[in-house]
Structure formats: structure tokens, C-alpha cells
Amino acid sequence: MEYLSLDGRWTLSTGSHVDVACPVLPDEGIPAEVPGTVHTDLLAAGRIPDPYVRDQEQQQTWVGRTDWVYRRSFHITPEFLKKDRVELVCEGLDALATLTINGTRVAQTENAFIAHTFDAAPFLSPGENQIEVAFRAPVSAARESQDRRFFWHTGIDQERLSGGNHLRKSQCNFGWDWGPQCATCGIWRSMIVRSFDVASINDVHVRQVELSEESATVHVTAHASSYGETIPAALSVTLRLGGDIVAAGSASCTADSEADESLVLAGLSLHVAEPRLWWPNGMGDQPLYELVCDLIDETGDLLDRVVRYVGLRTIRLVRDNDEWGQQFAFEVNGIPVFIKGANWIPADTFPTRLADEQYIHLLDSAVSANMNMLRVWGGGIYESDQFYSLCDERGILVWQDFMFACSAYPADSDDFVDSVVQEISYNIRRLRSHPCIALWCGNNEMEQIHGCISTGSQLDALGAMSRESYTQLFDVRLADLVRRFDPERPYWPSSPHTPGEKRADANDPRSGDAHLWMVWHGRQPFEAYRESGHRFISEFGFQSFPEPQAVAKFAEPEERNITSRIMEYHQRSPIGNDAIIQYLLSWFRLPVGDDMVLWTSQILQGIAVTSGVEHWRRSIPRTMGTLYWQLNDCWPGPSWSSIDWEGRWKALHYMIRNAYAPFLLSAVEDQDDGTVTLFVTSDVGERKWLSLSWRLWTVDGELISLGVEEVDSRVRSTTEVITLDFSEQIEQLGAENVLFYARLFDGDSECSSSVTTFVRPKHLELKDPGIDVTLLDADAGHFQLVADRPALWVWGEAIGRDITYSDRFFHLEPDVPHIVTLGRQGNEDVSWKRKDFVVYSLRDTYTQGG
């Protein structure tokens, strides 16, 4: 098989319809890069300003209202065209595209989520060839579709441009309550021309028929397209681990009786002795077997080869009835897994400019925070193959939404449904070999949000899709496609979803998954999470601002107050800044200075999310998972993310690392009674004896009381350790003058810690903690911090450097050292000095250091 890549340099010109705001572009067009988007090409050519800076997003709105054309030439040899089959493969066209080769139309496409393969031989000639891809303006097309037939969605002409739900492309490309309105188009994934004789493999399906510690049976089925006078002779399959062959076999090819006559089929079973199992992060290793599938002809020559990397494991969504209703729990290799994770959105508004290093950093950050699952949210994209491979390697399970979110859709249109069926079929087949895929989910919040599905009332029916069309698409068609193409994995119609008679209540606490927004949207206190008995929480969250270094990238110095026009412009949640400030003043003293407002909002976010996580982990096995909203960002601004758009960890990410630790020490205080109850939750698969030490301190650093408890941590369960009564000390000293520290040890290693106050932190009479900072190793960047008095939410900054930190936003107990290691900026060789590292704590947010 021969390949000719069409990636690389193209030219970009305006098409037949040009928006009135479009500047004049050169007749010959501007340079363009494939894969890419119109926006990234215009940015590279200096034709639009960076939409992430200040309010420059407003200067690119014309882009989505303009038609665009990509062009390039390429050379084809006569030998290339003599093969039995010559194909043009377009892995991703976003979205309404017309392809022509040498002036003749090849095809029209309407779905950005499908790879298209076309017979190119009739259109190609030896020598130079011209290819052109013309894109319809997405914003204009969406509005025209809405004008013809209106379908409702959230945020119409507020945080979202109207009509994106008519197009099969990234829904958040039209804006969301955490991202910009940069509706783009382009050749967003690779394009190649390929030629071959006889046949090529177009699909490989690997199914685990049997799996135990002693043996595994893997069935491999391959489909191939045959175009020569003879069909391929056989499929040869080899399974390797670490370079060693563990199983091999071959099977003859036969015509596929259920498909087109040009398709052939081959299947065989491989038996693996003593298989190494694939486990989620924190439960074991992630061995990946290399599966090589060779299609060979009668003489033994290789026709085509496909390589897959397979993890041997079972996964099951357990939905048995129990004392609280019906379970919603994942089980891997027969072991129940408490899910610890977050929701994933596209990591850039323009995903084509994401480098592998950015994916690696984000996924390594998830692993570092003890996560074992990410939910790929349904308003974005089916991620790149690289994303899923990285999840395979790291043990990150993936809850995979299909790309529908917060909208009604024209599911009563045959053309729309046909396109969706192609989309879902293609992506299931593309991704099903990845062991990370844990569940297929139909959509995001369409059963929860009023207005998506008609309930029959006249008012409700305005723009809603009918219940019949919703059921037919999400309960029947998509479920059938999962059963057909990936029967071993579970399908869930919507998130959130309550099965059975209570379906109208999408967040019923007795069964299904839940999106809990009573905090944030409902403005309930963080403690409201403690009343939740839901079975699986697939969304909940709280916003914060990015740190000062991040804000400096998009706002001028005079614009960095959160009430400035630019700061409010980057806030896309209608209630955003108001909610942050309301909660902030409930918990903390009013910060001094713009920077301290940003930092304090991050601490607040960390408290909000970890308070929920700690409660639900204490509730195991009633609750069996939490996925907070959200891991990452696509542009700069306040959002629910724990990692900002340039990869910096917010306070939440450091704090969630403790809340998701294998052993979790958590505390529940009763401020009225002056008591605190300590719990230890274990995700570990063995019973262990742990040591818990606790101390009650005054704000002046005086030790009042202390104790040590031995804890029998049971396997994957929660142990209530002890309730301590400090009512007398609180009455004598005042609740505002005492703090409770507890630390959990596995041998000599601290594995979790907790600090409890008996008043809101804003009422604590904190004193200058007297933090002493010592440089231990100038080359390695090790600094030791020791405090004379209690210090809450301590963090450091390396002056003038944008680096990583081993730890931030931790509590310092008097006289207990804590070591922080500073990362490096790129490949710089740095020798740190004491003055390079400045340390702050909660008290600094309101005292100006006084």
C-alpha cells in the first residue's frame, strides 16, 4: 500500500459568501496548515487578533459568517494510479464541505465527526493535481436552519450562538458558559491519498470471550475491502507483550454475506496463558498487548497491516438492587471501583493546535491527582486517537458521551438520523479497541434540562424535540449500535439519567447518575452535599478565577479587578462573578488587592469541590463515584476547571489530590456541639492498620490537646474512627481561636491530612504564622517550610517564572516541616536562591502582609 499525505501547506481564500466585516484578503489567498482551522490560519497570517486577549473575540465574529476554500496541488505518479484501488481519505472535515479534484466535484460532507473515504481514481491524473475543499459558513448555516425550523437549546444568543444544534460539529464551538464563540471550519484532521492492490483492512474488532487469572480467549474479526480479481487469502494475527509472542494464528478470508460483495471477512480466536490484566490507575498496572493483523495474499505477500494495542480486562456497570435503591457502580476485573475523576472538555477552542505534550501534561495531572476516570463531555468532540492511547497507558477510564448536549435536535429528520448513525458507528469502531473506554453515553443533560424534550404542554413544546423522536434515537438507535459494534460495554442513554418509572426526575437519588448543582446554581451552602445520597455523581462543581500570571495573559494591569469590563467579559456564566463573591464573603474575609481575590477564589473552589468528594467517599458503597466539573479549560477566564487553559494547576487540583488519595482522612464537625468525627476511607485492595494522630491548637501556636488512634482500614470501605468533644476548650478559648489538625500515616509515610475549624475561616483570629523558608538544594529546587503558628492554605510563587510546584495550598502545623520542590521552566538550568521563592498563606489575603 502506498500513501501520499496531503497534510501541510495549503492556501486559504474566502468563498462564495463573504461577510461584510471581512477584511480584504490577497487574491492568491493566505497560507494554511492542514490539519487546522480557518481561525488558526488567519491568526498565523496576522489577519485576526488573538481572540483570547481582552475582548478581541469580538473582532473575529465575521469568520463564522464567511464561506472558505482550501486549495493545494499535489503530484501523482503513473505507478500510484495503476493499483486496483486509489482512495482519498479525509479523517475530519469541519463540517459543511464540498470536495473537488481537478475541477470535478467528488463529494459533499456534513459531519465533522466522521472520516470519509472516497474512490479518487476517476478524478486523478498522472502529474500535478488540484484539490479544493469549500466550506459553508457555520454560523450562517446554523441560523438558516433555525429560521427554517427552530430547535431550542440553552443560552441562545447569550453564551451560545443560535442554531449549532442543527450541525454535526463541536457544539461548544458556538460558545458555552465557560468558552468563547469562535465557530470555525476547516480540514481539522489528516487527509491522505492511498493506493493498493487486492484489498485493505478497514475494521478490526477484538473481543474478550473469556478472561481469568489462568487464561484468556480473544476473538479477532477483521473486515477488508477487496477490489482486485481475487480476494485476499488469509488474515494472520500475532499477539505480543514486551516483544514476546504470546499467541498467534491465521484464518482464511471469506466473502462477507451480510455486507457489500466487495467486503471480505476473517475471524479467529487466540488463547493467552496467564494473561496480565489491565487495571485502572491506583489498582494495578496497565500492560498493553500489541495485536498485529496482517492481510496476506495467496503467495504470502503482505497486502495490509493494522496494529492495535489491547488491554485484557473486563468492565461491568453494576445496577443491582440494594437497600438504597439500585446501584450505579463500575466493576473492573470483578473488583468494584470507586470512580474518582473529572469531566473533560476540548483542551483548546481550536483543538488542531494542541500538541501531544499538552495532552500528556493534562492526563499526567489527572494521574497525579489519583484519578481513574475522565468523562469526555458531549458538547465537544470525540477526542484524538492519541488521547485514548494516553488514557490506555495511564489507566484512566473514559466515560464517552456521544456528541449531543443541552439542546433539542432534529431527530425526526431522516437525513439527520442517517448522519448520526454513521457518526456513532464510525466512532464506536474507531475507539472500541481501547481498554480505557468504560461506557458509551447518549447525551449530556437532555433529560434534565426543561425545553429539550416535549412533555406535551403548548409552552413546553416550543422548539423541543418530541418524546417519540428522542426515544427512538437515544433509547433505540444508539443502543442498538452499541450492542452491534461493542456488545461488551454498557450504554447509558443520557447523563444524568434515572432508569424506570422515575425517569422524569433525572437526578433521583436512589438510582442512576446525577448532576448536582444545588451548590453554585442553587446557591446552597457547601454543607448541602452532606445531605446527598445519590448513587453516582457525574457532574458538580464550583468556579474560580485563574491565577495572576494567567490573568496577565489576557488583561492589562488596570483591567485585572474582577469587576472590570474585560474580566467580566471573560466570565461566560451569567451568574459567575456574583456567585463567586457571594460564597467568598460567606467563607473568607474580603481579600486585599486584585491578586488576592484571584487566589482566594481558588481556595474557595477547592473547599467547595473537596467537601462534596469527601462526603461521597465516606458514603461508599452507597455512592460509587464522583466526576467533578471540570478538569481543563479551552480559553482563559474564570471557570469550573482545576487546571487552567495553559496547564497551571489551580488550588483545587492540589486539594483534590488529597481528596482522591487511596487513603482519605476526612472530618465532620458539629459547630454547635464542638465535636469532630474522623473517618478513614480506603480504596486499597488490602486491609491495613494505619496510625492517626491529631492535635488541637490555638491560633497562637499553643498545643491544647493531642492523641493517637490506630485505624483498621478495611478493604474499599469507610471506617468511622472516633468522635472528639472539644466543647470545653471551645467555650474557654472561643471557636475563633482554635484549629484541629489530623494526620494519617501508613507506617512512617503520611498518606492524608485534614484541618477542621469550628467557625468559618473568616472568623478565625489567625496570627502571623512565622513561616521559615530554608533552601535545601539549590539545583533540585527543594525548599523546606516550617511555621511557628498554624498556617492555612499555604502556597508559594517563584518570582518571574511560570513553573510547576510539587505542592501548594496545604496547611502547616506548628513545627512540622513541609518540603516543596520547584519545577523548571522548559529546559533551563537554574540554581535557585532563597529570594526566588515567596510564600503566602490565607492570612496574607486580607492583611497585606501585616
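Per Stokes-Einstein, at 4 °C and 1.567 mPa s, what whole-number D in µm² s⁻¹ belongs to the stretch 656-725, with the Kirkwood radius over Cα pairs as the hydrodynamic radius? Could the numbers behind the result be given before it?
Working: Rh = 13.3 Å.
Approximately 98 µm²/s, per Stokes-Einstein.
Go through the stretch 173-252 and name the trypsin sites (Lys or Arg not before Pro) that are in a DSSP coil and have 10 or fewer other Cβ atoms within 10 Å of their Cβ.
On the way: sites: R189, R194, R207, R240; in loops: R189.
Filter output for the stretch 173-252: empty list.
Mind checking which of C182, H219, V206 is farthest towards the positive end of the stretch 181-241's charge dipole, using Cβ charges of +1 (Lys, Arg) and -1 (Asp, Glu) about the Cα centre?
Looking along the dipole axis, the top candidate is C182.
Let me know the number of lysine pairs in the chain closer than 25 Å at the Cα, not counting same-chain pairs under 8 apart. Don't jump to the answer; show the numbers that get you there.
Values: K340/K650; K340/K688; K553/K650; K553/K835; K650/K762; K650/K833; K650/K835; K767/K835.
The result is 8.
So in the chain, what percent of DSSP beta bridges are antiparallel if you round to the nearest 5?
On the way: 162 of 188 bridges.
Counting only bridges with both partners in the chain, antiparallel ones make up about 85 percent.
What does the highest-first list of 265-276, 57-68 look like by mean Cβ count within 10 Å?
Working: 265-276: 17.2, 57-68: 20.0.
Ranking, from highest mean packing down: 57-68, 265-276.
Just from the alpha-carbon atoms, what are the Rg and Dmax of the stretch 608-672 in angstroms?
Gyration radius and largest Cα-Cα distance of the stretch 608-672: 13.7, 43 Å.
Roughly what would the spin-label model give for V715 and Y3, points 7 Å off Cα along C-beta, in nm?
Computed distance between label sites V715 and Y3 equals 4.6 nm.
Answer with one residue from L739, F783, F540: the one whose Cα lies farthest towards the positive end of the charge dipole of the chain, charges on Cβ with Lys, Arg +1 and Asp, Glu -1.
Towards the positive end, the residue furthest out is F540.
Between beta-carbons, use under 10 Å as the cut-off and find the net charge around E132, counting Lys and Arg +1, Asp and Glu -1.
Values: positive: R71, R72, R105; negative: none.
Within the 10 Å Cβ shell, the charges total +3.
Run lengths n ≥ 4 of DSSP H only: what is the helix-derived mean residue ellipticity at 222 nm for the chain, with -39500 (n - 2.57) per run over all residues, to the nearest 500? Display every interim value, and only then the final one.
On the way: 15 runs with 141 residues, N = 850.
So the helix-based figure for the chain works out to -5000 deg cm²/dmol.
Pop out the carbon and sulfur fraction of the accessible area of the stretch 603-733 as a percent, whole number, probe 1.4 Å. Write down the numbers at each step before the final one.
Details: 1870 of 4360 Å².
Using a 1.4 Å probe with all protein chains present, the stretch 603-733 comes out at 43 percent carbon and sulfur.
Sorted by packing (mean other beta-carbon atoms within 10 Å per residue), highest first, where do 167-179, 108-120 land? Intermediate results must be reported in sequence, preceding the final value.
Values: 167-179: 25.3, 108-120: 19.0.
Peptide ranking by packing, descending: 167-179, 108-120.
By average Cβ neighbour count within 10 Å, what is the ranking of 768-778, 608-618, 127-137 from highest down?
Values: 768-778: 15.0, 608-618: 23.5, 127-137: 18.8.
Highest-to-lowest ranking by the protection proxy: 608-618, 127-137, 768-778.
Averaging sequence separations of C-alpha pairs under 8 Å and six or more residues apart, then dividing by the length of the stretch 756-843, give the relative contact order as a whole percent.
Normalised by residue count, the contact order of the stretch 756-843 is 33 percent.
Tell me the label only: which of (1) 31.6, 104; (2) 33.1, 101; (3) 28.7, 95 is Rg and Dmax of the Cα atoms in Å as calculated from this structure?
The listed entry that was calculated here is (3).
In the chain, which Cys residues have no partner Cys with a Cβ closer than 4.7 Å?
C22, C90, C172, C182, C185, C253, C293, C406, C441, C452, C634, C751
Please compute the alpha carbon radius of gyration of the stretch 68-198, then divide it by the globular-protein estimate 2.2 N^0.38 Å. Two decimals is fine. Could you put the intermediate results ahead of the total?
On the way: Rg = 17.8 Å, N = 131, 2.2 N^0.38 = 14.0 Å.
Scaled against compact globular proteins, the figure is 1.27.
What's the center-to-center distance, using Cα atoms, between the stretch 720-772 and the stretch 363-429 in Å?
43 Å
How large is the dipole of the chain about the Cα centre if only Lys and Arg carry +1 and Asp and Glu carry -1, each at its Cβ, rounded to the nearest 20 debye?
Numbers: 73 positive and 123 negative charges, 158 e Å.
In debye, rounded to 20, the chain gives about 760.
Report relative contact order for the chain in percent, whole number only (criteria: Cα-Cα under 8 Å, sequence separation at least 6). Could the numbers behind the result be given before it?
Details: 2052 pairs, mean separation 72.3, N = 850.
Normalised by residue count, the contact order of the chain is 9 percent.
R0 = 51 Å: FRET efficiency of R483 with T677, Cβ-based, nearest 0.05? Walk me through the numbers before you get to the answer.
Numbers: r = 46 Å, r/R0 = 0.91.
Taking R0 as 51 Å, the efficiency between R483 and T677 is 0.65.
Mean separation of Cα pairs under 8 Å and 6+ residues apart, divided by the residue count of the stretch 1-41: what relative contact order is that in percent? All intermediate terms of the calculation are to be shown ahead of the outcome.
Values: 39 pairs, mean separation 19.5, N = 41.
Relative contact order, the stretch 1-41: 48 percent.
Can you give the extra length, in nm with one decimal, that the chain gains between A44 and A780 once fully stretched, where that is 0.36 nm per residue apart less the Cα-Cα distance? Mind showing how you got there, number by number?
Numbers: separation 736, 0.36 × 736 = 264.96 nm, distance 3.77 nm.
Stretched fully, the A44-A780 segment lengthens by 261.2 nm.
Suppose all protein chains stay in the model; what accessible area per residue would a 1.4 Å probe give for the chain, in Å²? Please report the intermediate quantities before stating the final value.
On the way: 32400 Å² over 850 residues.
Spelled out: the 1.4 Å probe surface of the chain, per residue, equals 38 Å².
Just going by the charge dipole of the stretch 1-156, with Lys and Arg at +1 and Asp and Glu at -1 on Cβ, which of T98, F113, F151 is farthest out on the positive end?
About the Cα centre, the residue reaching furthest to the positive side is F151.
Run the simple label-point estimate for S693 and L302 please: 7 Å along Cα→C-beta, distance reported in nm.
Between S693 and L302, the label points sit 6.1 nm apart.
The values are calculated or read from the model by the stated rules, or taken from the named source; none is laboratory data. This is a predicted model, so every value here is computed, not measured. Neighbour counts run over all protein chains shown; Cβ positions are idealised from the backbone, glycine included. Just the protein is used for accessible areas: all its heavy atoms, side chains included, with ligands, DNA and RNA removed. Shrake-Rupley method; radii C 1.70, N 1.55, O 1.52, S 1.80 Å.
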